[in-house]
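The values are calculated or read from the model by the stated rules, or taken from the named source; none is laboratory data. Given the structure is predicted, the values throughout are model-derived calculations rather than measurements. Virtual Cβ from ideal backbone geometry, glycine too; neighbours counted across all protein chains shown. Just so you know, the surface numbers come from the protein's heavy atoms only, side chains and all, with ligands and any DNA or RNA stripped out. Shrake-Rupley method; radii C 1.70, N 1.55, O 1.52, S 1.80 Å.
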Amino acid sequence: GQAEAVVAAATDAVRSACYLVDPAMVVIGGPWGSHPTLFGGVQAALAAETGAAAGIVAAEVDDPSLAGARLAAARLLVESLIP
């Protein structure tokens with residue numbers, strides 16, 4: 001069905017990225033990334049192929065890029081105020 005097609009497409013995207021950059025860890029995020037069906041499906045498919053499921057994690061925040069930007073901005077502010 002549709003869920004299987006989405007999981008297959010996401011798995012293909014993650015697989016392609018892994019072949020390209022060979023990361024130690026893959027963080028799956030975004031509006032669908034934390035959904036158990038998508039995350040579990042991608043994790044299971046890649047584990048079956050490579051045994052690399054331990055390196056695939058779900059994002060712990062809703063928008064990782066914005067969370068990282070906020071942390072960087074706060075760090076820069078503190079560094080500018082405290083020599």
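Summary of values
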read-out	value
Residues of segment 1-17 that turn out to be of a type in the set (D, E, K, R) and open to solvent by less than 60 Å² (accessible area, probe 1.4 Å), as a count	1
Subset of segment 18-50 that is touching a strand residue (DSSP E or B) at 6+ places or on another chain (Cβ under 7 Å) and surrounded by fewer than 16 Cβ atoms within 10 Å (Cβ to Cβ) - its residue that is modelled with the lowest pLDDT	34
Residue 37 being closer than 20 Å to residue 62 by Cα, in a helix (DSSP H, G or I) and either over 14 Å from the mean Cα position of the chain (by Cα) or of a type in the set (Ser, Thr, Tyr) (or both)	yes
Of all residues making up segment 51-83, the number that are open to solvent by less than 50 Å² (accessible area, probe 1.4 Å) and either in contact with a helix residue (DSSP H, G or I) (Cβ under 7 Å, 6 or more places away or on another chain) or modelled with pLDDT under 75 (or both)	5
